[in-house]
1. Inside segment 23-35, can you point out the residues that are of a type in the set (A, V, I, L, M, F, W, C) and within 16 Å of Met113 (Cβ to Cβ)?
2. Is at least one residue of segment 35-43 at pLDDT 95 or above and surrounded by fewer than 16 Cβ atoms within 10 Å (Cβ to Cβ)?
3. How many residues are at pLDDT below 95 and under 17 Å from Val83 (Cβ atoms) when one looks only at segment 6-23?
4. I'd like to verify a number: residues in segment 129-141 that are farther than 17 Å from Asp114 by Cβ, outside any loop (DSSP other than H, G, I, E, B) and either in contact with a His (Cβ under 8 Å, 6 or more places away or on another chain) or at pLDDT below 85 (or both), how many?
5. Within segment 61-69, can one find any residue that is surrounded by fewer than 17 Cβ atoms within 10 Å (Cβ to Cβ), of a type in the set (Gly, Ala, Ser), over 30 Å from Thr128 (Cα atoms) and touching a helix residue (DSSP H, G or I) at 6+ places or on another chain (Cβ under 9 Å)?
Amino acid sequence: MAIFVQTEDFDLSAEIAKLRANNPAIGAVVSFVGVVRDLNDGLDVQAMELEHYPGMTEKALQEIVAQAASRWSLMDCLVIHRVGALKPLDQIVLVAVATAHRGEAFAACEFIMDYLKTQAPFWKKEKTSEGERWVDAREADDTAVSKWGIVSTNSKVGI
């Protein structure tokens, strides 16, 4: 299980290959890649700045992976979340989960992403044609995480 918070981009194919390497028991790998959109809430997005609390962020990500591992039989898991300056089409996040069967892999990947969107200490600031703005948390993300029995503590902006 690996967690990285970094400014550098990642290579999806290479990361998945490393996740699967030398483990013939893996029967399913499910991944999610989040990317920067050029439009959000009706405004054009020219750039995005992602901020975090070093140390605290990694600890929060380790906790959610541990929670996922307690719910499903994970063989491996990878979370890469980028921070810093990003522009439309840039990759933001990769969550990849390896299990013996696809159902567990899909569920664990969705669980980790739902948690990430509501609980992990990241903040987004968008640069639009109307100026800069912090991105508020979305009610839909709180609703999504509630299906896992997690009560959102999402009082911050910019997830």
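1. Initially, segment 23-35 is screened for residues of a type in the set (A, V, I, L, M, F, W, C), giving 25-26, 28-30, 32-33, 35.
Correct list: Val29, Val30, Phe32, Val33, Val35.
2. Yes - at least one qualifying residue is present in segment 35-43.
3. Final tally of qualifying residues: 0.
4. Total satisfying the criteria: 0.
5. Yes, segment 61-69 contains at least one residue that is surrounded by fewer than 17 Cβ atoms within 10 Å (Cβ to Cβ), of a type in the set (Gly, Ala, Ser), over 30 Å from Thr128 (Cα atoms) and touching a helix residue (DSSP H, G or I) at 6+ places or on another chain (Cβ under 9 Å).
The values are calculated or read from the model by the stated rules, or taken from the named source; none is laboratory data. Keep in mind it's a predicted model, so treat the numbers as computed, not measured. Backbone-built Cβ (ideal geometry, glycine too); neighbour counts: all protein chains shown.
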